[in-house]
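Engineer: What follows is a structure written as structure tokens; I'll ask about it next.
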Amino acid sequence: MKRQTLAFAGAALLALASSAHAQNDPLAPTGRWSANADGHAPVPPMGWNSWNAFNSDVDEEKVLASARALVDTGLARLGYRYVNIDDGWWLKRRESDGRLIIRTAHFPSAATGKNPSFRPLTDRLHAMGLKAGIYSDLGRNSCGQIYTPDFKNQPEGSVAEREVGLYGHIEQDIRLFFAEWNFDLIKVDGCGVRGLPEDAPRVRSGLYRALPPLVDMQSLGASDVAGVRKLYTEVGRALRVHSHGRPYVYSLCLWGAGDVRSWGKDVGNMSRTSDDIQPLWGRMLTNLDTVTHRALYAHPGSWNDADMLFVGTGDFDQQHEVEARSHFSLWAMLNSPLIIGYDLRKLTPELLAIFGNAEIVALNQDPAGNQAVLAYDSDEVQIFVKTLADGGKAVALFNRTGAPRKAILTAEQLKLLATSEVRLRDLWSKEESSFRGDTELVLAAHETRVFRAGGTRRLADGLYLSEQPGRINPAVDGVPAPLPDPTIHQSITPWVGTRGGGEHVQYGGWGGAEADRAPFGKLLRIAGKPYDTGIGILAGSRLEVRNAGFSRFNAMVGVNDSGRPSDGPVVFEVWGDGKLLARSGAMVFGTPAEALQANVAKVRIVELVARAGNGAVRQPTPQPATWAEAAFLK
Ligand code: GAL
């Protein structure tokens, strides 16, 4: 460690440095990538799920018809391979040995004798070149049992026989699903750890056993974040064991509750960030908003899941092609898994043209795995920019409103030189155009225009960190206590209408790390100087960055102007594979940014640590710490 060559900001910092590896220092660099690396989701999983199309009224005929449609239409070849059976497949848990029994009246091929098995069905799907997904719940009971008594295909029998969820049966069920039945994906819902408190009417009536809730959708404070995370982690451990080395996908379905938007990336391969999507424009906005500011929380191996597609239904049906394309384009740009929720027996050429737009699908499946970053944000128009593996750009301009809007796209937003020509290819109309500096585009009501863009990169010999969110993991994001994110669209929920006071959104993550923005939806600005690129995070944080062969790291560091003078200084450190490479002085609110540089040649994991300069590991109101213009250079 070349400590002596570094500038120090006083004796207090020396003490900090020597204790950096201390076990109790949550910011101690590890030289490791700590986000989930198990399971197999190098790109967002794609496929079909029974839920949006059939609710719990699912059967073998419907599943196979959709599977056949995926193959016959060419959608499977485009990547739509997972065929997922959602709620409604189970009959009961056999009391003698705890084995789950399939509803064979609806899945005839599962009637294989004493022990019904999904193996014939998964074999069939595998033979078609597809993958098979199954559904379960983290608690003892399913969503239908708890919330929708009039659901079709409810589990039957005694209290114990109706306990079809994983709780108390994790090893047994995961073994059954993966080692015996050969499934490739599991979606694990969380209703059972949410809806059965002691005083629930269904518990008091003797229908179900009580399970003290771990999450409360209405209250982050009343949720046991560590408890629910632990249970999901146990399922993950069982999956590793019982998949016997076969690739699998672990899909978390906690609807953004329990602050899962912050930790889902450490546990599963995809994680729901919001409550259920509905075929309604407002609900699509809600789900979209739960992922847009979370680009740094998604990477190859762990994706933000804005829920399944509702293309083909309601506000996104064939009469609403503009809306359907918007929904699809946004999910693709934001790397949400593309899971069709439509009865594919009814697929029309128009809908196929949406699901099958290969150039849009390619954005979602781009191997770099960079979720699009918000380049411009308002209640009316949003501009998302995605950096692709070949260094090229994709951009989506989205009109959230029901009236036409003009939008100006600038070369700067694409991190391309304003003085050179920027070429655009419209991925829906296939028209080509070009501009210099900026261009004005007209967006129809609810329209999203999506382009591939090429030009001269502003940073000729490197990549800004905000252009590679797929390689960044906010291992510790500095958020002192989970708070609900107030920027999420509050839609009218179809299940309540406008009764009561309205949905009180409780999706955690407010104040988390952001690309090209400061926490709390603020812009990057240090001592009056705006920056249009960088990573915004809170003091008390540690980012892990995978270095893809670059040799230098540069940034301008300082306290963002959205902070407060009273919240103390911030010290910025750059670590390479566990060794300290550079450290800033104690940066104080209102003072200009300091240049920080480090030699990262041959370093695999660069860690960016922002510490409260007064030595406090956790502050009640941490300063926003800005890594402006952070970049890797050749
Ligand atoms: C919900 C879940 C839906 C669907 C449903 C089944 O909790 O979010 O996607 O799986 O349960 O009952």
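Engineer: Name the shape class, rounded, prolate or oblate, that the alpha-carbon gyration tensor gives for segment 175-223, where a ≥ b ≥ c are the square roots of its eigenvalues, rounded holds for a/c under 1.5, and otherwise prolate holds if a/b is larger than b/c and oblate otherwise.
Structural biologist: In terms of gyration-tensor shape, oblate.
Engineer: What is the distance in Å between the Cα centroid of segment 302-323 and that of segment 281-295?
Structural biologist: 12 Å
Engineer: Note down the net charge around Ser136, summing +1 for each Lys or Arg and -1 for each Asp or Glu among other residues with Cβ under 9 Å from its Cβ.
Structural biologist: -2
Engineer: Please list, or write none, the aspartates and glutamates whose alpha carbon is within less than 16 Å of the alpha carbon of Lys131, excluding same-chain residues fewer than 8 places away.
Structural biologist: Filter leaves Glu60, Asp72, Asp86, Asp123, Glu180, Asp184.
Engineer: Over the chain, calculate the relative contact order: mean separation of alpha carbon pairs under 8 Å at least 6 apart, over the residue count, as a percent.
Structural biologist: Relative contact order, the chain: 13 percent.
Engineer: Which percent of the Cα-Cα distances in the chain go past 34 Å?
Structural biologist: Distances greater than 34 Å cover 44 percent of the Cα pairs.
Engineer: Report the Stokes-Einstein translational diffusion coefficient (µm² s⁻¹, integer) for segment 307-369, Rh taken as the Kirkwood radius over Cα pairs, at 4 °C with viscosity 1.567 mPa s.
Structural biologist: Roughly 111 µm²/s, to the nearest whole number.
Engineer: Please sort by residue number the chymotrypsin sites (Phe, Trp or Tyr not before Pro) in segment 330-396 whose DSSP state is loop and whose Cβ has at most 13 other Cβ atoms within 10 Å.
Structural biologist: none
Engineer: Here is a follow-up. At q = 0.14, 0.23, 0.27 Å⁻¹, what is the base-10 log of I(q)/I(0) for segment 51-119 according to the Debye formula with one equal point scatterer per Cα and no solvent? Please give it to two decimals.
Structural biologist: -0.50, -1.02, -1.19
Engineer: Between Arg77 and Arg124, take the C-beta separation as r, use R0 = 22 Å, and let me know the FRET efficiency to the nearest 0.05.
Structural biologist: Step by step, r from the Cβ atoms, then E = 0.75.
Engineer: On to the next question. Can you list the lysines whose alpha carbon is less than 17 Å from that of Lys386, not counting same-chain residues fewer than 8 positions off?
Structural biologist: In chain and number order, the partners are Lys415.
Engineer: Have a look at segment 47-367 and give its Rg and Dmax from the Cα atoms, expressed in angstrom.
Structural biologist: Cα only, segment 47-367: 18.7, 54 Å (Rg, Dmax).
Engineer: Normalized C-alpha radius of gyration of segment 266-389, against 2.2 N^0.38 Å?
Structural biologist: Relative to the rule-of-thumb radius for its length, segment 266-389 sits at 1.01.
Engineer: Pick out, in residue order, every one of the GluC sites (Glu not before Pro) in segment 156-204 that is DSSP loop and has at most 13 other C-beta atoms within 10 Å; say none if there are none.
Structural biologist: Glu156, Glu198
Engineer: What number comes out for the charge environment of Phe550, summing +1 per Lys or Arg and -1 per Asp or Glu over other residues with Cβ under 13 Å away?
Structural biologist: Every neighbour counted, the sum reads +4.
Engineer: Hey, another quick one. Find, among the trypsin sites (Lys or Arg not before Pro) in segment 86-123, those assigned to loop by DSSP (not H, G, I, E, B) with at most 11 other beta-carbon atoms within 10 angstrom.
Structural biologist: Sites meeting the loop and neighbour criteria: Lys114.
Engineer: Pairs of Cα atoms under 8 Å, at least six residues apart: use those to get the relative contact order of segment 290-428, whole percent.
Structural biologist: 20 percent
Engineer: Can you bin every Cα-Cα distance in segment 342-482 into 10 Å intervals starting at zero and give me the percent of pairs per bin, rounded to whole numbers?
Structural biologist: Using 10 Å bins, I get a P(r) of 11, 35, 34, 15, 4, 0 for segment 342-482.
Engineer: How long are the three semi-axes of the equivalent ellipsoid of segment 145-242, in whole Å, if each is the root of 5 times an eigenvalue of the C-alpha gyration tensor, listed from largest down?
Structural biologist: Working from the Cα gyration tensor, I get semi-axes of 24, 19, 11 Å.
Engineer: Ignoring everything except DSSP H segments at least 4 long, calculate the 222 nm mean residue ellipticity for the chain; use -39,500 (n - 2.57) per segment, divide by total residues, nearest 500.
Structural biologist: Taken over the chain, the calculation gives -5000 deg cm²/dmol.
Engineer: Please work out the Cα center distance from segment 437-497 to segment 206-259, rounded to the nearest Å.
Structural biologist: What the calculation gives is 27 Å, centre to centre.
Engineer: How large is log10 of I(q)/I(0) for segment 564-608 at q = 0.21, 0.24 Å⁻¹ when the intensity is taken from the Debye formula with one equal scatterer per alpha-carbon?
Structural biologist: Ignoring solvent entirely, the Cα scatterers give -0.70, -0.81.
Engineer: What is the extension gain from Arg237 to Val159, computed as 0.36 nm multiplied by their sequence separation minus the C-alpha to C-alpha distance, in nm to one decimal?
Structural biologist: Net length gain for the segment: 25.3 nm.
Engineer: Which of rounded, prolate, oblate describes segment 421-531, given a ≥ b ≥ c as roots of the alpha-carbon gyration tensor eigenvalues and a/c under 1.5 marking rounded, otherwise prolate only if a/b is larger than b/c?
Structural biologist: It is oblate, given that a/c is not under 1.5 and a/b is not larger than b/c.
Engineer: Then there's this: Return a whole-number percent for the relative contact order of segment 374-461, with Cα pairs under 8 Å and 6 or more residues apart as the contact set.
Structural biologist: Contact order relative to length: 32 percent.
Engineer: First measure r as the distance between the Cβ atoms of Asp379 and Ser420, then evaluate 1/(1 + (r/R0)^6) with R0 = 30 Å and state the FRET efficiency to the nearest 0.05.
Structural biologist: 0.40
Engineer: Could I ask something else about it? What FRET efficiency do you get for Glu440 and Glu321 if R0 is 30 Å and r is their Cβ-Cβ distance, rounded to the nearest 0.05?
Structural biologist: In this case the efficiency is close to 0.80.
Engineer: Report the full-extension gain for the segment Glu412 to Ala105: residue separation times 0.36 nm, less the Cα-Cα distance, to one decimal in nm.
Structural biologist: 104.6 nm
Engineer: Give, as a single signed number, the net charge of other residues whose beta carbon lies under 11 Å from the beta carbon of Met270, with Lys and Arg counted +1 and Asp and Glu -1.
Structural biologist: After counting each charged neighbour, the total is +1.
Engineer: Further question: Once the piece of chain linking Arg345 and Leu633 is laid out straight, how much longer is it, given 0.36 nm per residue of separation minus the C-alpha distance between them?
Structural biologist: Once the chain is fully extended between Arg345 and Leu633, it gains 98.6 nm.
Engineer: Sticking with this structure for a sec: Please report the antiparallel percentage of the DSSP beta bridges confined to the chain, to the nearest 5.
Structural biologist: Roughly 80 percent of the beta bridges in the chain run antiparallel, per DSSP.
Engineer: A further question follows. Sort by residue number and report every cysteine in the chain with no other cysteine beta carbon within a distance under 4.7 Å.
Structural biologist: Cys253
We did not get these values from a lab; they are worked out from the coordinates using the rules stated. Being a predicted model, the structure only gives us computed values, none of them experimental. As a convention, Cβ positions derive from the backbone with ideal geometry for all residues, glycine included, and neighbour counts pool all protein chains shown.
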